[in-house]
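S.K.: After the structure tokens below, expect a handful of questions from me.
The values are calculated or read from the model by the stated rules, or taken from the named source; none is laboratory data. Source: prediction; values computed, not measured. Heads up, the Cβs are rebuilt from the backbone with ideal geometry, glycines too, and the neighbour counts pull from every protein chain shown.
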Amino acid sequence: MLPKWFNVWNRENPADIYGPAILVGGLGGAVFVAIAIISFGQPFATDSLQTGPRGNGMSVTEFKSDLAKPDPGIEAYYQEEPYVPEGGEALAKDIYENVQVLGDLTEDNFNRVMLAITDWVSPDEGCAYCHGEVDLEEYGNDDLYTKVVARNMIQMTQSINENWDGHVNANGEVGVTCYTCHRGQHVPSDIWFKIAPVHARAAEGWSAVQNRVTVQSQYTSLPSDALETYLLDYGRIGVHDLEAHVAEYPYEEGVATWQDTERTFSLMNYISNSLGVNCVFCHNSRAFYDPEQVTPQWSTEMLGISMVQELNNDWLVPLKDVYPPERLGPVYADAPKAACKTCHKGYQQPLQGLNVIGNYPELATTEAPVYE
């Protein structure tokens with residue numbers, strides 16, 4: 001207990017203790033934040049990728065914390081160095097039955113590639129995913145659709161690396177393997193199926209594919225048939241005439257309508273989200289429609305679009321009759337198809353530019369692989 005006189009004096013002479021406490025607390029908090037920023041770095045600091053001339057907004061801005069965060073798929077990527085043949089080794093096609101691809105590999109390299117594909121596509125089931133629960137002597141059977149599809153996918157991978165070098169290796173040797181898309185899953189994420197029209201009353205015309213929130217339209221009111229039109233049906237990517245009062249009609253061949261414009265915007269929005277970039281990654285923000293002022297990335301992306309068109313039409317769609325019903329699309333029972341996001345998954349380069357093909361020259365060409 002305090003003396004009575006002290007309580008009386010304190011009551012008659014009140015002091016403001018809250019103001020100084022708030023001031024001291026505020027200063028202390030600011031010092032703590034400053035120390036944290038110095039020690040751990042600015043959490044909201046940004047970095048820019050300049051895509052065109054400075055001063056005109058042609059840059060892609062990202063948080064440094066996001067740039068420093070690796071794609072989780074990188075650490076999980078399984079790879080093994082190849083065995084350089086000494087000459088005279090037995091080949092896989094001479095040892096195993098029904099080896100239609102990779103048969104010219106030595107037994108060690110053939111098994112090395114098979115082990116990698118198993119880890120990339122079916123790490124839990126292992127070899128049984130394609131060959132079934134059978135003895136090794138029966139691995140040559142084509143009883144399971146998974147084996148037939150896998151053989152086709154190996155050939156497709158070789159075709160990508162061999163024929164689309166300008167896209168997949170635009171910034172250095174990177175290449176693609178099964179893991180680029182599958183990431184340890186039987187079916188890659190971000191595949192797509194045809195869904196248009198998304199309105200039951202297709203006779204309503206343009207409204208049948210627009211103003212319906214779908215994954216194909218990136219959950220916007222833009223058309224939902226952009227992937228089907230441009231990445232499957234070889235549609236012409238373009239917008240309406242930039243001049244006013246042009247004497248042309250929508251039914252005339254080569255005339256772009258405002259519907260084509262919105263469909264183009266839908267595709268561009270999808271591409272931006274797939275790569276985690278904005279429009280100026282490929283286009284000049286001051287001259288969107290001038291092909292002479294695009295960035296180098298524009299050419300790489302155009303190659304990518306052509307590549308995806310070929311993949312869908314020449315490799316993926318023809319597999320429709322091979323897949324069981326549960327692997328087909330929910331509306332048209334069509335085969336699963338690829339698009340930009342199937343590989344990129346939100347990054348400018350798949351797996352942030354990891355060289356996945358370096359240890360697998362067998363998947364880089366249909367010719368005899370070159371081992372170093």
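S.K.: Which pairs turn up if I take residues in the stretch 131-147 that are at positive phi and look for partners that are exposed (fewer than 15 other Cβ atoms within 10 Å of the Cβ) and not in a helix (DSSP H, G or I) with beta carbon separation below 8 Å, at least 6 apart in sequence or on another chain?
M.R.: Pairs that qualify, where the first residue is at positive phi and the partner is exposed (fewer than 15 other Cβ atoms within 10 Å of the Cβ) and not in a helix (DSSP H, G or I), are 132/141; 132/143.
S.K.: Among the listed residues 108, 124, 71, 135, identify the single one that is under 21 Å from residue 355 (Cα atoms) and either of a type outside the set (Ser, Thr, Tyr) or at pLDDT 95 or above (or both).
M.R.: Step by step, each of 108, 124, 71, 135 is checked, and only 71 is under 21 Å from residue 355 (Cα atoms) and either of a type outside the set (Ser, Thr, Tyr) or at pLDDT 95 or above (or both).
S.K.: Oh, and also: Give just the number: which of (1) closer than 29 Å to residue 87 by Cβ; (2) assigned by TED's automatic domain parsing to the domain that holds residue 224 does residue 195 not satisfy?
M.R.: The one condition residue 195 does not meet is (1).
S.K.: Filter the stretch 137-194 for residues that are among the small types (Gly, Ala, Ser) and within 27 Å of residue 348 (Cβ to Cβ) and give the result.
M.R.: Passing the criteria: 159, 166, 170, 172, 175, 184, 189.
S.K.: In the stretch 208-218, is there at least one residue being free of Cβ contacts under 8 Å to residues at least 12 places away in the same chain and aliphatic (A, V, I, L, M)?
M.R.: Yes: the stretch 208-218 contains one or more residues that are free of Cβ contacts under 8 Å to residues at least 12 places away in the same chain and aliphatic (A, V, I, L, M).
S.K.: Still on this model: Looking at 124, 94 in this structure, which one is among the charged types (D, E, K, R), within 28 Å of the chain's Cα centre (by Cα) and not assigned by TED's automatic domain parsing to the domain that holds residue 215?
M.R.: Among 124, 94, only 124 is among the charged types (D, E, K, R), within 28 Å of the chain's Cα centre (by Cα) and not assigned by TED's automatic domain parsing to the domain that holds residue 215.
S.K.: Within the stretch 284-305, which residues are within 19 Å of residue 235 (Cβ to Cβ), loosely packed, with under 15 Cβ neighbours inside 10 Å and in contact (Cβ under 8 Å) with a residue 24 or more places away in the chain?
M.R.: Listed by number, the list holds a single entry, 289.
S.K.: To continue, here is another question. Among the residues of the stretch 163-180, are any surrounded by 15 or more Cβ atoms within 10 Å (Cβ to Cβ), over 18 Å from residue 308 (Cα atoms) and either free of Cβ contacts under 8 Å to residues at least 60 places away in the same chain or not basic (Lys, Arg) (or both)?
M.R.: No, the stretch 163-180 has no match at all.
S.K.: Between 317, 331, 322, which is surrounded by fewer than 16 Cβ atoms within 10 Å (Cβ to Cβ) and either among the basic types (Lys, Arg) or not in a loop (DSSP other than H, G, I, E, B) (or both)?
M.R.: Being surrounded by fewer than 16 Cβ atoms within 10 Å (Cβ to Cβ) and either among the basic types (Lys, Arg) or not in a loop (DSSP other than H, G, I, E, B) (or both) holds for just one of 317, 331, 322, which is 317.
S.K.: Can you find a residue that is in a helix (DSSP H, G or I) and either within 22 Å of residue 305 (Cβ to Cβ) or not aromatic (Phe, Trp, Tyr) (or both) anywhere in the stretch 281-289?
M.R.: Checked the stretch 281-289: at least one residue is in a helix (DSSP H, G or I) and either within 22 Å of residue 305 (Cβ to Cβ) or not aromatic (Phe, Trp, Tyr) (or both).
S.K.: Look at the stretch 236-283 and say how many of its residues are crowded, with 16+ Cβ neighbours inside 10 Å, small (Gly, Ala, Ser) and free of Cβ contacts under 8 Å to residues at least 24 places away in the same chain.
M.R.: 2
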